[in-house]
Each structure stands twice: as C-alpha cells, then as structure tokens.
Amino acid sequence: MRKLAVLCILFLGVMLPSEAHSKKPQAQVIQGNCGKRNCSEVVKNLRKQYPTYVQDFEKQCPRPKILGLQVITDEARGQRALFNCWEAKKQKRTRYGHYLGSLPMPGSESRFLIPLPTSAYTQELQSKYLGEIKQAQFKCGTKSGDFNILEDKQNNTVQLQCYFTAGVVSLDQTVTLYLMEKHLKAPSWMRY
C-alpha cells in the first residue's frame with residue numbers, strides 16, 4: 001500500500017506539470033476599426049515594433065476585458081493606432097471603457113512626435129539633449145499629450161512637462177430604433 005501511495009505521488013508529480021504546459025493561455029480579444037486591415041494583425045505588427053508599450057496596454061486591459069483599437073489618420077500627427085480597454089459585458093446597453101494610449105503606424109513615426117513649444121530654451125534643449133527629448137516626445141505622444149516648458153529662474157532650471165487628458169470614460173451604447181409605420185409622420189425634429 002505504501003509503494004502504491006509513493007507511486008501515485010510520483011505519477012501526479014509527473015502529470016501535473018505536463019498538464020500545465022498543455023493548456024494555452026487564451027488570446028486577448030481585440031476589436032475595433034482598423035480600416036481595411038485586421039485589428040489583430042495591426043496589434044501583431046505594433047507588438048513587434050513597440051513591444052514594451054503594447055505589453056503595457058495589454059496589462060492594463062486583462063481578460064475578459066476587450067482591447068479596443070482604432071486606426072486614425074491625423075494631418076498633423078500622421079496615422080496612429082488608439083488603444084482602449086472595454087468592459088467585457090454591457091450594462092443596460094452601455095459598455096464602458098477607457099483610453100490606454102496610442103502608437104504610430106509604420107511610416108508615421110516622425111510625425112507622431114509631439115512638438116516642443118517655442119521658448120528661449122527650445123533650441124538649447126534640442127541640441128544638448130536630442131536623444132532624451134525624442135524619447136520624451138514619443139512617450140508624450142503615446143498619451144496624446146502636449147508640452148509645457150516650465151522655467152525656475154531661482155534654481156536656474158528648465159522642466160519639460162507633458163500634459164494630457166486623464167480620467168475620460170468611453171461609452172459604447174446600443175441604440176434601438178423602432179421603425180414607424182408608413183402612415184405615421186415622423187416628429188418635426190426627425191424630418192430632413
């Protein structure tokens with residue numbers, strides 16, 4: 001009996017890890033409007049180009065929530081992908097979500113960078129700290145922000161500040177329209 005118990009423990013010890021490896025984690029649900037492209041493919045391409053940012057967006061939107069994606073084209077900033085996180089279930093025809101950030105689509109990287117405001121320090125900042133400024137411009141762009149340059153004359157310092165809108169709640173509402181019978185007239189506010 002004792003040998004059987006030891007054999008069962010060994011058997012379970014061998015089987016459990018192999019079962020854990022055989023189960024694949026469920027893929028993140030991705031929905032949105034990516035134009036003529038498939039949103040899953042857009043995320044896959046962005047994951048290759050910006051793995052840290054996409055991982056961060058995905059961590060902020062764990063399953064069963066839905067990772068929302070929208071590809072937009074902006075004259076000033078080029079083509080970019082906006083990431084949102086949506087609740088998995090609607091509550092009374094409304095699905096709530098929040099904005100996670102954005103990333104440039106391939107070919108729009110230089111236009112994605114947030115420009116620095118014009119200041120007496122702008123030129124000096126760009127010439128002395130080019131790498132750091134480009135990183136700050138990109139990171140601020142992921143939050144769709146803008147820059148301020150804050151001067152502290154007492155301490156003889158300049159601070160670059162990215163400001164952006166936070167705390168915006170996105171809504172996805174289902175609207176049900178009931179068709180009126182032909183003999184009924186539409187209210188005046190509905191007539192074209």
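Every number here is computed from the coordinates shown, using simple stated rules; none is lab data. Nothing here was measured: the structure is a model prediction, and the numbers come from that model.
Going through the cross-link list LYS59/LYS90; LYS59/LYS134; LYS59/LYS143; LYS59/LYS139; LYS65/LYS89, which pairs have a Cα-Cα distance over 19 Å in this structure?
Numbers: LYS59/LYS90 21 Å; LYS59/LYS134 25 Å; LYS59/LYS143 16 Å; LYS59/LYS139 17 Å; LYS65/LYS89 8 Å.
Beyond 19 Å: LYS59/LYS90; LYS59/LYS134.
Amide H contacts under 5 Å for LEU100: PHE83, ASN84, CYS85, restricted to partners 5 or more places along the chain or on a different chain, H placed in the peptide plane at 1.01 Å from N.
Applying the Karplus relation 6.51 cos²θ - 1.76 cosθ + 1.60 with θ = phi - 60° to the range 69-84 yields 3J(HN,Hα) values of 9, 9, 9, 10, 10, 10, 4, 6, 10, x, 8, 8, 10, 9, 9, 10 Hz, where x marks Gly and Pro. Stokes-Einstein, applied to the Kirkwood radius of the range 33-116 over Cα pairs at a viscosity of 1.002 mPa s and 20 °C, places its translational diffusion at 158 µm² s⁻¹. Residue by residue, the range 122-129 carries 3J(HN,Hα) couplings of 3, 4, 5, 4, 5, 7, 7, 10 Hz when phi is fed to the Karplus relation 6.51 cos²θ - 1.76 cosθ + 1.60 (θ = phi - 60°); x denotes Gly or Pro.
Here the Karplus relation 6.51 cos²θ - 1.76 cosθ + 1.60, evaluated at θ = phi - 60°, turns the backbone of the range 134-147 into coupling constants of 4, 5, 5, 5, 5, 4, 5, x, 5, 9, 6, x, 9, 10 Hz, with x for every Gly and Pro.
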